[in-house]
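Read through the structure below, which is laid out as structure tokens, and then see the notes.
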């Protein structure tokens with residue numbers, strides 16, 4: 001940590017905030033990425049406009065043909081969206097970010113930007129059900145070969161690489177089992193085979209994990225989840241190098257997979273508290289995981305914060321970003337998604353239906369604790385065989401631990417568990 005540059009006026013031009021100046025990450029989360037307008041607003045502005053006015057016909061032509069930099073049309077250039085993109089890029093240690101209308105919009109952009117007919121997409125088996133549907137239903141039809149391996153099996157990744165493998169794609173932690181991939185090892189495998197490694201960082205967020213620092217080429221986000229943190233808006237993003245993001249930007253510009261200015265403003269403000277929220281989420285999740293792990297009716301708990309978890313040591317090595325919050329070391333930041341299993345679907349539904357406070361919903365990453373049955377909701381479009389391969393059993397429950405008093409969360413779960 002270096003001293004602040006005394007010539008840098010934080011209240012004047014905060015898009016000058018850059019890690020090179022030595023700011024703590026929490027300062028970047030609050031101040032980074034926004035260049036105040038001539039109006040002098042203290043809070044970031046929402047530019048709710050579809051188009052922009054030019055000084056002349058020639059000025060308009062120069063903006064459209066690229067001779068002048070500036071706003072052209074809010075489908076691909078909007079100051080509020082740009083501020084969100086800059087701030088998230090700073091937090092992920094990326095050169096550039098491209099925002100999209102949703103997390104699935106970001107994954108679609110990834111496919112259109114980095115894959116073509118004849119390419120091979122190598123994925124982890126442990127993925128969100130809609131991602132699998134996108135790959136198997138649509139991109140296979142467009143001539144992209146798709147195959148799957150266990151996210152945590154480095155040997156399987158190496159053996160599955162093909163001469164035409166263009167992208168390796170994984171979630172870590174994964175949905176819904178919060179399984180952990182060794183990002184550095186898989187990045188090496190991908191790069192030796194001439195492929196990109198793209199990591200969905202939705203569950204950890206840059207507050208806990210920075211995949212680009214571990215060797216990934218692109219980070220994917222469903223900003224709808226923890227980046228918003230309160231279940232209000234949809235949004236997505238890709239972060240990486242200028243070169244790779246230019247390809248993604250071309251897809252968004254042409255395809256219109258665009259983030260709205262209002263949603264961008266909500267997400268921009270949410271980034272201010274991301275690290276603080278993720279610390280609290282993680283602390284609550286650690287307590288809940290211990291409770292579930294000790295309950296006699298729970299047959300298995302999927303949470304990398306437990307020392308018994310197969311990938312606990314890998315998770316400890318990768319989940320290090322929260323050490324920078326407040327300048328002190330923070331341990332035990334493993335995220336807040338817990339998968340836990342009971343005997344069958346009947347028991348799982350009984351636990352879910354017995355809750356009085358926890359929200360029964362498919363969303364996650366909310367200040368409110370949420371609970372869902374993946375086999376019949378988020379992963380129902382997968383075949384039974386695919387669910388088995390992904391570890392989504394009929395007795396699996398996914399819990400997104402919120403920010404309520406943790407003892408109340410535990411008591412609400414105990415209502416159903418103790419009644420089995």
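The values are calculated or read from the model by the stated rules, or taken from the named source; none is laboratory data. This is a predicted model, so every value here is computed, not measured. Every residue, glycine as well, gets a Cβ built from its backbone with ideal geometry; the counts of neighbours run over all protein chains shown.
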When the stretch 272-292 is checked residue by residue, the ones that are surrounded by fewer than 17 Cβ atoms within 10 Å (Cβ to Cβ) and within 30 Å of residue 344 (Cβ to Cβ) are 287, 290
Picking from 289, 310, the residue that is touching a residue at least 40 places away in the same chain (Cβ under 8 Å), over 30 Å from residue 90 (Cβ atoms) and in contact with a strand residue (DSSP E or B) (Cβ under 6 Å, 6 or more places away or on another chain) would be 289
When restricted to 77, 100, 109, the only residue under 27 Å from the mean Cα position of the chain (by Cα), within 23 Å of residue 248 (Cβ to Cβ) and without any contact (Cβ under 8 Å) to a residue 40 or more places away in the chain is 77
- Determine if the stretch 159-168 includes at least one residue that is within 17 Å of residue 389 (Cβ to Cβ), more than 22 Å from the chain's Cα centre (by Cα) and modelled with pLDDT of 95 or more. yes
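So that you can scan it fast, the table gives a plain yes or no per residue for (1) surrounded by 21 or more Cβ atoms within 10 Å (Cβ to Cβ); (2) under 22 Å from residue 223 (Cβ atoms); (3) modelled with pLDDT of 95 or more:
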position	(1), (2), (3)
65	no, no, no
81	yes, yes, yes
114	yes, yes, yes
126	yes, yes, no
138	no, no, yes
141	no, no, yes
Residues of the stretch 73-99 being touching a helix residue (DSSP H, G or I) at 6+ places or on another chain (Cβ under 6 Å) and in a strand (DSSP E or B), in sequence order, are 96, 97, 98, 99
Reported set for the stretch 190-215 where residues are buried (at least 24 other Cβ atoms within 10 Å of the Cβ) and more than 23 Å from residue 24 (Cα to Cα) is 190, 195, 197, 198, 199, 200
### Message
Take the conditions part of a helix (DSSP H, G or I), farther than 23 Å from residue 263 by Cα and touching a strand residue (DSSP E or B) at 6+ places or on another chain (Cβ under 6 Å) and apply them to residue 64. Does it pass?
### Response
no
Scanning the stretch 46-58 residue by residue, the ones that are surrounded by 14 or more Cβ atoms within 10 Å (Cβ to Cβ) and free of Cβ contacts under 8 Å to residues at least 60 places away in the same chain total 2
task = Tell me, please, whether a residue that is assigned to a helix (DSSP H, G or I) and surrounded by fewer than 21 Cβ atoms within 10 Å (Cβ to Cβ) can be found in the stretch 148-155.
result = yes
Just one listed residue, out of 231, 256, 236, is on the phi > 0 side of the Ramachandran plot, assigned by TED's automatic domain parsing to the domain that holds residue 170, under 16 Å from the mean Cα position of the chain (by Cα) and in contact (Cβ under 8 Å) with a residue 40 or more places away in the chain, and it is 231
Exercise. Kindly indicate whether residue 36 is outside any helix (DSSP H, G or I), in contact with a helix residue (DSSP H, G or I) (Cβ under 8 Å, 6 or more places away or on another chain) and in contact (Cβ under 8 Å) with a residue 12 or more places away in the chain.
Key: yes
